[in-house]
Amino acid sequence: MDEDAFWVLIEQSGRESDTKKARLQWLEERLSGLSVDDIIDFQKWFNICEYRSNTWDLWVAYHGVFPLGSEDGFLYFRSWLISLGHETFEHVVTDPDTLIEVPEVLHLQKLTRRRKSGLWTNEEYPEFQLLAAVAWGPYKKCTGLELETLHDCAHARTGLDEGWYKLRDEQPNPISEEEFARRFPRIMRYWGGMPG
């Protein structure tokens, strides 16, 4: 499976399903019909996307748009970002400041203002934790092996270092309002100042 085939599956799953649960089921069915090599490659491309999106700038943009906070939340958010498709993913990873312009993000901001409580349903929430694990079941079904084997095989194919899951760049801590405005002008304009 090449990168284009990976994105075809991700995007088609979104068109064919109207809930996160149904989307996972759709992907599991499709992956179960593929070869073991293709399942491993699917996980490889997912891991590469997780790596590419694990940057300090996206972390700051995420906190500037969603006051959610945790490292786990950022990980699950990145799975959600992948679920939005190739074009959106590339746009936001290349320029994290554009996160505030993603239609799904603007929809969540409108819901927050309308409800005032800021609570979203599971379907609305900008996290998709289980998407990162969707290949596990099909892999075990095809091979009888545990998920650690899938991780080892997928990781070997990525060519990434052992610390691939850590933030890829330095953290300027703390970020000043001037620096935030320089690096994230769209988010700054949206909130009328530095968020949080």
| Got a sec? How would D41, D57 order by Cβ neighbour count within 10 Å, fewest to most? | D57, D41
| remark: Within the set E29, E101, E148, GNM on the chain using Cα springs under 10 Å gives the largest fluctuation to E148
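Any chance you could run the full-extension gain for T55 through E87? It's 0.36 nm times the residue separation minus the Cα-Cα distance, nm to one decimal.
Working: separation 32, 0.36 × 32 = 11.52 nm, distance 1.82 nm.
Separation in residues times 0.36 nm, less the Cα-Cα distance, equals 9.7 nm.
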| message | Just to confirm the number: angle between the C-alpha axis of helix 36-52 and the first principal axis of the chain, 0 to 90 degrees, nearest 10? | response | 20
| task | Please list the non-local residues whose amide H lies under 5 Å from the amide H of F128, H modeled 1.01 Å from N, same-chain partners needing a gap of 5 or more. | result | F77, S79, W80
| Taking 0.36 nm per intervening residue step and subtracting the Cα-Cα distance, what contour gain separates L119 from D18 on full extension? | 34.4 nm
| Residues whose placed amide H lies under 5 Å from that of W120, excluding near-sequence neighbours | none
| Global geometry of the range 25-67, whether rounded, prolate or oblate, following the gyration tensor of its Cα atoms and the 1.5 cut on a/c | oblate
| request: Using only Cα atoms, find the angle between the long axis of helix 147-158 and the longest principal axis of the chain, and express it within 0 to 90 degrees, rounded to the nearest 10. | output: 70
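Taking all pairs of different Cα atoms in the chain, averaging 1/r and flipping that mean, what Kirkwood radius in angstroms comes out? Numbers along the way, then the final one.
Numbers: mean 1/r = 0.0563 Å⁻¹.
Hydrodynamic radius (Kirkwood, Cα pairs) of the chain is 17.8 Å.
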| request: Return the single residue from Y51, Y125, Y62 with maximal mean-square fluctuation; model: Gaussian network over the chain, springs between Cα atoms under 10 Å. | output: Y125
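Counting other beta carbons within 10 Å of each residue's own, what order do L131, L34, L160 fall into, fewest first?
Numbers: L131 21, L34 18, L160 15.
The most exposed by this proxy come first: L160, L34, L131.
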| query | Per q in 0.11, 0.27 1/Å, what log10 I(q)/I(0) does a Debye calculation on the alpha-carbon atoms of the range 13-92 return? | reply | -0.34, -1.32
| field | GNM flexibility winner over the chain from S53, S79, S35 (Cα, springs under 10 Å) | value | S35
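Please arrange E28, E71 by how many other C-beta atoms lie within 10 Å of their C-beta, fewest to most. List each step's numbers first, then the result.
Values: E28 17, E71 9.
Starting with the residue having the fewest Cβ neighbours, the order is E71, E28.
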| Extension gain (nm, one decimal) between Q25 and D161, 0.36 nm per residue minus Cα-Cα | 45.8 nm
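Computed from the coordinates by the stated procedures, all read-outs in this text should not be read as laboratory data. Because the structure is predicted, anything quoted here is derived from the model rather than measured. Here the Cβ is made from the backbone with ideal geometry for all residues, glycine too, and neighbour counts use every protein chain on show.
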